[in-house]
Amino acid sequence: MAKIKSDSCQYILALFILSFIGSAIFYVWRTSNKEHVRMLELTQRENIDNINALIREHNKAKSDTTDTWWITDEPPATLEIYNLIEAKNKQIENLIKMYADTTPETHQISERFKNIKISVLINGLPQEINYDHTKIKYPAGALDIIFLPEKVAMKDNQFLPTFSSVTDALTIPTIEIPESLYAPILFHELGHALRHYGERNLRNVKAMAEKDIMLEEAEMHSLGGEIMNVTSKGAYKQLVNIIVNRAPLSRSFGETIASITEDDLALCDKIFGCSHTQIPGMMLSSQLMIDVGFNYCEKNKLGIDSKFKVYKWLTEYVFLKWTP
Ligand SMILES: [Zn+2]
């Protein structure tokens, strides 16, 4: 009996020691894990602060720049305005054709949106400018494009081209945007249009989850990035690669994006003719940050879900109002 008692004592002691070691390991793991998470959050916050400071600096350097608007006020139906709108219409049609062979999706876009119908937002309603009062006949399925005069855009605080699946129309504020940037922005929005055109009446049943919206944005920004590379004759991807390769030890996409410098933004502006612009320059800097984050994900083989995180992180903490 005594032998059995001493065995069970040893057994209980062993159990006690084991559970003590177990909880000690768990405590150390939990503390160091907490510390790790805390450190990561801290560096992410630092990254966010650095990126926002960079954007502020970059804007300050351009404080004497003002954008040009090609329609400032709600226009009268004069021949001059008609010709101007006709020219802008032709420009969009040409750009849609010009970049058709960039990716399979740009090919689909150019096939789908061969015809567009232009109007200008006047008194809150899209109106065609027909100086001789003839009604233009548009083919069925022509995509509605609505130009916003400066005055209207300022009032509504709308400075970015946007496709709305509620109105089935693409709204474009009439800011002068260099064509090398205008083409990618246009295709980004036409990519949304390709996926959602004609959903106006299905809106309620087709409400998208936040993640799907963000994933679509990530894909549209990739599409825009491809066209930017073509319009810049490869200079854009080269710049993105230089930035990402320069920070090989980055522990997160945020750290890599935060390694972008004022010189990088200035060079990107120069490549796209945006050095003397405000809003187009902001759109460009936003796209560069997204592409640097995406490139980090690709280099580290992190997949599309991580691109979604890059997009969400940037829109939440950095430049919500500048992202088309
Ligand atoms: Zn978008």
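The values are calculated or read from the model by the stated rules, or taken from the named source; none is laboratory data. Everything numeric here is computed off the predicted structure, so don't read it as measured data. Cβ: placed from backbone, ideal geometry, glycine included. Neighbour counts: every protein chain shown.
Tabulated data for the structure shown
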| read-out | value |
| --- | --- |
| Any pair with Cβ under 8 angstrom, 6 or more apart, that starts in the stretch 185-206 at a residue that is at pLDDT below 95 and ends at one that is in a loop (DSSP other than H, G, I, E, B) and within 11 Å of the ligand (Cβ to nearest atom) | none |
| Tally, over the stretch 138-154, of residues that are part of a loop (DSSP other than H, G, I, E, B) and in contact with a helix residue (DSSP H, G or I) (Cβ under 9 Å, 6 or more places away or on another chain) | 1 |
| Filter result for Thr66 (crowded, with 17+ Cβ neighbours inside 10 Å and assigned to a loop (DSSP other than H, G, I, E, B)) | no |
| Residue in the stretch 221-236 that is of a type in the set (D, E, K, R), away from the ligand (no atom under 16 Å from the Cβ) and either assigned to a helix (DSSP H, G or I) or modelled with pLDDT of 90 or more (or both) present | yes |
| Any hit, the stretch 201-210, residues being crowded, with 17+ Cβ neighbours inside 10 Å and not aromatic (Phe, Trp, Tyr) | no |
| In the stretch 146-168, residue nearest to Ile85 (Cα to Cα) [restricted to those that are of a type in the set (A, V, I, L, M) and within 16 Å of the ligand (Cβ to nearest atom)] | Leu160 |
| Residue check for Phe308: in contact with a Leu (Cβ under 6 Å, 6 or more places away or on another chain), part of a helix (DSSP H, G or I), within 16 Å of the ligand (Cβ to nearest atom) and under 26 Å from Asp212 (Cβ atoms) | yes |
| Residue among Ser119, Ser63, Ser110 that is hydroxyl-bearing (Ser, Thr, Tyr) and under 23 Å from the mean Cα position of the chain (by Cα) | Ser110 |
| Some residue of the stretch 171-189 being outside the structural domain of Pro280 (by TED's automatic domain parsing), touching a His at 6+ places or on another chain (Cβ under 9 Å) and part of a strand (DSSP E or B) | no |
| Subset tally (residues that are β-branched (Val, Ile, Thr) and closer than 24 Å to Thr72 by Cα) for the stretch 134-163 | 4 |
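A quick yes/no check of all residues on (1) in the same structural domain as Pro173 (by TED's automatic domain parsing); (2) modelled with pLDDT of 85 or more; (3) surrounded by 10 or more Cβ atoms within 10 Å (Cβ to Cβ):
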| site | (1), (2), (3) |
| --- | --- |
| Ala24 | no, no, yes |
| Val28 | no, no, yes |
| Lys34 | no, no, yes |
| Glu41 | no, no, yes |
| Thr72 | no, yes, yes |
| Gln91 | yes, yes, yes |
| Asn94 | yes, yes, yes |
| Thr102 | yes, yes, yes |
| Thr106 | yes, yes, yes |
